[in-house]
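A short worksheet on the structure shown next.
Derivation of every value follows stated rules applied to the coordinates shown; laboratory data play no part. A quick note: this is a predicted structure, and the numbers were derived from the prediction, not measured. All Cβ positions, even for glycine, are placed from backbone atoms using ideal geometry, and neighbour counts span all protein chains on display.
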Amino acid sequence: MNALLFASMFGYEECVDILLKAKANVNIQTTGTGTSSLMYAAAVGRYSLCVMLIENGADVRMTNKNGKSALDWAKEKEGTSRSEIIERLQAEAKK
């Protein structure tokens with residue numbers, strides 16, 4: 001697992017910002033499950049992190065090896081930012 005995936009999984013926004021500014025690959029996926037940084041951010045309910053990743057080119061249509069997208073992960077997450085994440089991901093997927 002690389003640094004961007006790790007930072008996204010744990011919601012470390014400041015670290016993600018630094019890595020993106022250093023041109024980290026925003027669409028890299030884990031070798032085992034094919035999970036992306038955006039999927040991790042959606043799974044932990046981090047709306048601002050999802051926005052940051054999307055604005056830096058994260059592919060909202062990407063799926064993992066089980067066919068789950070970041071939108072699927074967001075729908076499973078409970079919390080206050082859940083609906084915001086879902087709305088943003090749905091809007092981006094239509095572009």
request  = Return the total of residues in the range 10-38 being part of a helix (DSSP H, G or I) and among the small types (Gly, Ala, Ser).
outcome  = 1
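Looking at ALA3, ALA70, ALA24, which is the one that is surrounded by 21 or more Cβ atoms within 10 Å (Cβ to Cβ), in contact with a Leu (Cβ under 8 Å, 6 or more places away or on another chain) and not acidic (Asp, Glu)?
Values: ALA3 fails: surrounded by 21 or more Cβ atoms within 10 Å (Cβ to Cβ); ALA24 fails: surrounded by 21 or more Cβ atoms within 10 Å (Cβ to Cβ).
When all the criteria are applied, what remains is ALA70.
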